[in-house]
1. Please give me, ordered by residue number, the trypsin sites (Lys or Arg not before Pro) of the range 1-33 that lie in loop per DSSP and have at most 16 other Cβ atoms within 10 Å.
2. Using the Kirkwood radius over C-alpha pairs as Rh, can you work out the diffusion coefficient of the range 2-92 via Stokes-Einstein at 4 °C, viscosity 1.567 mPa s, in µm² per second?
3. Averaging sequence separations of C-alpha pairs under 8 Å and six or more residues apart, then dividing by the length of the range 2-92, give the relative contact order as a whole percent.
4. Ordered by packing density, taken as the mean number of other Cβ atoms within 10 Å over each peptide's residues, highest first, how do 51-64, 34-47 rank?
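Read-outs: derived from the displayed coordinates by stated rules, not from any lab. This is a predicted model, so every value here is computed, not measured. Because the Cβ atoms are built from the backbone with ideal geometry, glycine has one as well, and the counts that use them run over all protein chains shown.
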Amino acid sequence: MYTRIVELTIKPRKAREVSETINDKVLPILKKQAGFVDEAVLVSDTESTRILGLSFWNKREDAERYHREQYPKINEILEPLLEAEPVIRTFDVHTSTTHRITAGKAA
């Protein structure tokens, strides 16, 4: 399993709007992507302008295809609510109780 972590720095007092936009506009796009498994959105409780989006994918290739084909559209949807360009990091999932992955068995 593979994950993309997208760190958003949003405009002040826009956390609710960003969360609603992700739920209403971004998730429907993600759910249609081959290899998409899950999405978690984390809103910082100490920094009101920070949100993390964690998307989980079956394979790196699925996430890379999504990034090429759909992410520009999603970035365009969110751009008016952001203070800065999103920062994207990617990881192999090592362990997950939710996705029943044991240490070292992610591949």
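1. Arg13, Lys32
2. 98 µm²/s
3. Numbers: 138 pairs, mean separation 45.2, N = 91.
Over the range 2-92, the number comes to 50 percent.
4. Per-residue mean Cβ counts within 10 Å order the peptides as 51-64, 34-47.
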